[in-house]
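Each value in this text was obtained by applying a stated rule to the coordinates, not by laboratory testing. Predicted model only: the values in this text are computed from it and were never measured. Every residue, glycine as well, gets a Cβ built from its backbone with ideal geometry; the counts of neighbours run over all protein chains shown.
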Amino acid sequence: NAGVTQTPKFQVLKTGQSMTLQCAQDMNHNSMYWYRQDPGMGLRLIYYSASEGTTDKGEVPNGYNVSRLNKREFSLRLESAAPSQTSVYFCATSGRTYEQYFGPGTRLTVT
Amino acid sequence: KNEVEQSPQNLTAQEGEFITINCSYSVGISALHWLQQHPGGGIVSLFMLSSGKKKHGRLIATINIQEKHSSLHITASHPRDSAVYICAALPHNFGNEKLTFGTGTRLTIIP
C-alpha cells in the first residue's frame, strides 16, 4: 500500500502561472485535507473534504481551488500563482479514528 | 494567542537523556495528535489520544483533559530522534475533523 501519495515533489512556477497539485490515497478514508507549511507558522489548513463531492474552506483558502474527484483523489489548483504561495504543501487523510496520515509533501517556489 | 501552544520551541540534549515536550491547549478537545517531522521530510503520526497514556517503543504520550495539557516523552534519546514534534488538537464538536496545530518543537539530540 502506498498510503498517501503526492505529485509533483518539487515545482518552480513564475508569477501568474497555474498548476494542479495531485493527491491520492489507498487507505479508504473519507476525509482529505490540503495544508501549507511555512517557516514559523506551523501547518495551516487550506481546504478540506469530508467525503466525495464535498469541500470546505479552511484557514487560508484564498488563491486556491480544490476538486474531490472521487474517494481516492483530492487535487489543489493554483490558478494564478503568487510569490506568497511559495510553501511546502501537504495532503492528508483521516478515517473513523480522525488520526491524520500525511503525504510526502510538494515543495513549491513561485518566482 | 495560539489555541495550541508547545514548549519548548527548541530543545537540544545529549544522547541518552530523557526528553519531555509539552503541549497546552485552550479549546475543548476530543483528542490530541502528536506528529513527527524529520528535516526536509514528511510528517508521521505518532499518537492520537483522548485520555491517559499511550506508549510506542521509547515514546510515551500522556494527556490530562482537565488541565488541558499533554506531554510527549522520549526515553533513552538517540540522534535519530532529532526532528520537529508537532501537537494538534481535535476539537470537541462531533464531526468537525479540522485539527488545530501547534508550531512545533525542534529537538536536536547530540551524540
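Scanning segment B:16-37 for residues that are surrounded by fewer than 18 Cβ atoms within 10 Å (Cβ to Cβ) and under 26 Å from A:THR106 (Cβ atoms) turns up nothing.
In a loop (DSSP other than H, G, I, E, B), farther than 14 Å from A:THR86 by Cβ and more than 9 Å from chain B (Cβ to nearest Cβ) - does that describe any residue in segment A:41-52? Looking through segment A:41-52, at least one residue is in a loop (DSSP other than H, G, I, E, B), farther than 14 Å from A:THR86 by Cβ and more than 9 Å from chain B (Cβ to nearest Cβ). For segment A:75-110, the set of residues classified as away from chain B (no Cβ under 14 Å) and within 14 Å of A:GLN25 (Cα to Cα) consists of A:SER75 only.
Where strands (runs of 3 or more DSSP E) sit wholly within segment B:1-49, those with at least 3 residues that are under 14 Å from the mean Cα position of the chain (by Cα) and hydrophobic (A, V, I, L, M, F, W, C) occupy B:19-25, B:29-37, B:43-49.
Going by what's in this entry, would A:ASP38 be described as farther than 22 Å from B:LEU32 by Cβ, touching a residue at least 40 places away in the same chain (Cβ under 8 Å) and either among the polar types (S, T, N, Q) or more than 14 Å from every other protein chain (Cβ to nearest Cβ) (or both)? No; evaluated as a whole, the condition is false for this residue. Do we have any residue at all in segment A:7-20 that's over 14 Å from A:PHE102 (Cβ atoms) and under 11 Å from the mean Cα position of the chain (by Cα)? Looking for residues that are over 14 Å from A:PHE102 (Cβ atoms) and under 11 Å from the mean Cα position of the chain (by Cα), one finds at least one in segment A:7-20, hence yes.
Out of segment A:60-109, which residues are farther than 15 Å from A:CYS23 by Cβ, surrounded by 14 or more Cβ atoms within 10 Å (Cβ to Cβ) and among the acidic types (Asp, Glu)? Selection gives A:GLU99 alone. Any residue in segment B:11-18 that is within 21 Å of A:TYR101 (Cβ to Cβ), touching a residue at least 24 places away in the same chain (Cβ under 8 Å) and away from chain A (no Cβ under 11 Å)? So far as segment B:11-18 goes, no, none of its residues is within 21 Å of A:TYR101 (Cβ to Cβ), touching a residue at least 24 places away in the same chain (Cβ under 8 Å) and away from chain A (no Cβ under 11 Å).
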